[in-house]
Structures are given as structure tokens and as C-alpha cells.
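Below is one structure, written out as C-alpha cells; the observations come after it.
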Amino acid sequence: MDPDKASALDKQDDLACYRQEFYLKEGIIYMDGNSLGLPSKRTEAALLQMLEAWKEHGIDGWTKGDKPWYYLSETLGGQSAFLVGAKPHEVIVTGSTTVNLHQLAASFFKPEGKRTKILADELNFPSDIYALQSQLSLKGLDADTHLVKVKSKDGQTLDEDEIIACMTEDVAMAVLPTVLYRSGQLLDIERLTKAAHERGIIIGFDGCHSVGAIPHEMHKWGTDFAYWCNYKYVNGGPGAAAGLFVHEKHLGRKRPGLSGWFGSNKEQQFDMEHTFTPADSAGAYQIGTPHIFSSAPLSASLEMFKEATMAAIRRKSLSMTRVMMDLIEEELSGYSFEIVNPKEDARRGGHVALMHPEAARICKALKQDGVIPDYRSPNIIRLAPAPFYTSYGEIWKTVQFLKTIMREKRYEQFENIREVIA
Ligand SMILES: *Cc1c(COP(=O)(O)O)cnc(C)c1O
């Protein structure tokens, strides 16, 4: 692979037209779209439009303007449904990842008789684990004994057979990642869902690292619930309102675990009755007033995903991560890097996970060169080429920077410790 081949790939790229819509900084290669996606001119315009609606309509913005705030979460939910393969009424844009997990666990974790445990995994994102521990405590159960964590053999990936082996008779609910945040392993969601259901277990997925990167068929697979953030691959902006999916089979004016007035049937919400009438859609799982400015950019971003199609996005993502892995193997051998994400297309998400004992300071050296990587303690460098705005040329350059940093040991000028946010 040489720079000419990279530019040839860029010329053939059918998503290349989107790059000019994004705010990319001169001299900076952004490989961190899996932590915070970049803004585009369209998302900026959508946010400013919402500010205009506030100026123009004041309180009437709830029902007036082209995006009335009262219906915004439902509208965006419907617009995001295709990202997870859901029906429009199965998705709502609301809250944050962790809050939505609290809501879903409060609604779907029903310990009964011998079934009193929650199944998770030892590589899970800490916030998810904290939430599940709280939910167990709230039910009067000891989190140490009731949160079962599937073990990882290699410290990076999980084995579906082992997850299924942990789906025992005492498990009431399983909560697993779609894509693991460190290694980028994509789990077989369909198979795990089927296995859980055969064993009488409710199953939900954290889609933070797959939504916007990978197509899903949550409805068809029969997954009970899912939740995800919209600020990573979906480019909704820092703290963007999150997404939540509840399968149709569970909908129908059911009271969620955590009720609030925005979960009401919309016609009845303003009756101000003390009897709660939940919506018959995933909207029932909302709690309070939606965060309008944190939702506004999403309408524009989702429009881009719809236009580009998830199939094309996944195709380009797989091709970019493949090129990156090939380049790493060609150019960086002998420098103790290890690619720890699964190599097969069907088992990897949207980023390449590189393990190295000096990862923290290699990331600092990359940043000095103008490459924005993503470091995960203790030893992982995550590099996420974003289908909308990363070019093959940038992938080539990133690997060249890495090679120079290693050859000249330029990382040695930095301390091998992480920053406050890493
Ligand atoms: C990013 C991420 C979160 C973050 O949760 P917030 O509530 O949005 O802060 C949770 N889980 C996973 C797997 C993540 O990748």
C-alpha cells in the first residue's frame, strides 16, 4: 500500500462527498469519531434553527415551528429506527445511555423465585456495571452475588459459547454490549438473543459502539431492549440525547419502571391527572421534559445516515479498518503492536484496537503530530476512521506517523500516564 493507492481508493469512494460537509481542522487527522463524532454544517444549521424557534415562538415552540418540541423525541425516535432495524414506534430519543439503562433495568429486571440474577460481562463499560449494581441494590439484592460477569479468556474479547453457558436458571436478565468498547469485538446479537429467550431470560444490548457504524435488525431478532448514545458514531454532539429501543411485544400502555409525565400518552399528558396513562410506544420510557438543544442536531445527522444508507457506511467502515490493519501489519512489525480487535468482518466493529505497553505516550506523540487517537487504559489505542469524513489518505498518514514515532522513539519525551479524560 502506498499513498497513490490510498488516493485511488479515495477517488472511488462513494461517500467522499460528505467529507466537505464536516468541520475538519486544517492539519488535523481525526480518528476519534467513536468517542465524539464531529459536527457538520447540517447539524450546526439544525441547532441554530432550534434556537431561532425559541426566539420566534417562545412557549409556543412546543407546538409550533417546523420541529415542534412536544413531538421532537418521537419524531427523532422514528427517524433513528432504521439505525437499529426497528419499527418507528419502538424507538425514542431521550435521556442518556446510563439513564436509559436505569430505566430499562427498572422496567425489565423482575427477579422472581430462583431467577434473581443479572448477567453481564467483565469487559463491560463501567457505567453500565454501576447502573446494574444499583438496580440490584434497589431490589434488595446483593450486587456482588447477583451480578454475574462472563469472563474473558484473553482480556479483550468474549466467547458467545461462554456467554450462553452462563445463561443459567437463576438469571432473569442479560445486558451485553453489541460491540465491546475496547477491543471493538462485535457480538452475535441474534444468536445471543435466541439463546437467552430459549432459557427464559430477558435480553438487552448496549449499542453505543455499533449504532451508526453497523446495521442491526433488533425487531427481527426479537431483542427485548437496547440503548445507545448519539454522540459517538451518530455525530449528535457532546451530550446528545440518547436512544432507546423497546420491542413491540413489550409495548402497549405499560407502566415503565421509572415513570414521569413525558412518558404519558401525548393526548392525556396535559390533563394533569394523578393517574398515569403511559404512551403505547417506546415513548412511555421517557421521564421528563426533553433536552431540545441536545436533540436538535440529530435531525440533520440522521438525515445524512438515511441518505448514505447503513449498508454503504458499514461497507466503507469495514474497508477502511481493513486497510488500516493491513498497513499496521506491513509498516509496524517489530514495534510490539498487537491488533486485538477480531480480524473477521463479521466480528469487528468500527474501530481498530491496537495494544502496546507504551500506548498512553504513543497517543500523546500522535496528538503532537496532529492525529487525534483515542486511548483506553491501560494499553489500548483505538483508531476509528469515520465513513463520513475520514479519507484513505489520512489512514495512510496516520500509520506513517506511528512508524516515525516508533522508529525515532519520539514517545519517550512523554510520560506513560493517561490524562484526566482519555
Ligand atoms: C460511551 C458509553 C457509555 C456512556 O454512557 P453515558 O451515559 O452517555 O455517559 C456507556 N456505555 C458504553 C458501552 C459506552 O461506550
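The values are calculated or read from the model by the stated rules, or taken from the named source; none is laboratory data. This structure is a prediction, so every number in the text was calculated from the model and none was measured. Please note: Cβ atoms are built from the backbone with ideal geometry, for glycine as well, and neighbour counts cover all protein chains shown. Just the protein is used for accessible areas: all its heavy atoms, side chains included, with ligands, DNA and RNA removed. Shrake-Rupley method; radii C 1.70, N 1.55, O 1.52, S 1.80 Å.
Just the number, please: Stokes-Einstein D of region 218-297 in µm²/s, Kirkwood Rh from C-alpha pairs, 4 °C, 1.567 mPa s.
D = 94 µm²/s.
Relative protection proxy for 129-141, 195-207, from highest mean packing down: 195-207, 129-141 (other beta-carbon atoms within 10 angstrom). Sorting ILE164, ILE118 by solvent-accessible area of protein heavy atoms yields ILE164, ILE118, largest first, with a 1.4 Å probe.
On a 0 to 90 degree scale, rounded to 10, what angle separates helix 126-138 from the longest Cα axis of the chain? Taking the Cα atoms of the chain, the angle to 126-138 is about 20 degrees. Net charge dipole, the chain: roughly 200 debye, given to the nearest 20, about the Cα centre with Cβ charges of +1 for Lys and Arg and -1 for Asp and Glu.
Cα centroid separation, region 87-152 to region 348-403: 32 Å. Kirkwood hydrodynamic radius computed over the chain comes to 22.4 Å, based on all pairs of distinct alpha carbons. Per-residue surface analysis assigns CYS17 an accessible area of about 70 Å², computed on protein heavy atoms at 1.4 Å probe radius.
Could you work out the relative contact order of the chain? I mean the mean sequence separation of Cα pairs under 8 Å and 6+ apart, divided by the number of residues, in percent. Could you put the intermediate results ahead of the total?
On the way: 829 pairs, mean separation 93.0, N = 422.
Reported as a whole number, the value is 22 percent.
In the context of the full set of protein chains, region 47-306 has a per residue accessible area of 41 Å² (1.4 Å probe). Per-residue SASA remark: ILE372, around 30 Å² accessible (1.4 Å probe; ligands, DNA and RNA not included).
Annotation for GLU44 and LYS266: the two label points, set 7 Å from Cα along the Cα-Cβ direction, are 3.1 nm apart.
So for region 295-422, Kirkwood radius off the Cα pairs, Stokes-Einstein at 20 °C and 1.002 mPa s: how many µm² s⁻¹? It diffuses with D of about 138 µm²/s by this estimate. Residue pairs exceeding 21 angstrom between C-alpha atoms, taken from LYS25/LYS306; LYS232/LYS409; LYS117/LYS249; LYS25/LYS397; LYS5/LYS397; LYS316/LYS367: LYS25/LYS306; LYS232/LYS409; LYS117/LYS249; LYS316/LYS367.
In this rough spin-label picture, where each label sits 7 Å from Cα along the Cβ direction, the ASP142-GLU329 distance is 4.8 nm. Can you give the FRET efficiency for ASP345 and SER127, using 1/(1 + (r/R0)^6), R0 = 35 Å, r = Cβ-Cβ distance, to the nearest 0.05? Step by step, r from the Cβ atoms, then E = 0.75. Angle, helix 97-108 long axis vs. longest principal axis of the chain, Cα atoms, 0 to 90°, nearest 10? Roughly 40 degrees, rounded to the nearest 10. When all alpha-carbon pairs of region 202-335 are counted, what percent fall beyond 23 Å? Percent of Cα pairs beyond 23 Å in region 202-335: 50. In the complete set of protein chains, residue-level accessible area for TRP261 is approximately 100 Å², probe 1.4 angstrom. The simple spin-label model puts a point 7 Å past each Cα toward its Cβ; for LYS151 and ALA422 those points are separated by 2.7 nm.
Using the Cβ-Cβ distance between ASP159 and GLU217 with R0 set to 22 Å, the FRET efficiency works out to roughly 0.45. Against the chain, whose longest principal axis comes from its Cα atoms, helix 3-12 is set at around 40 degrees.
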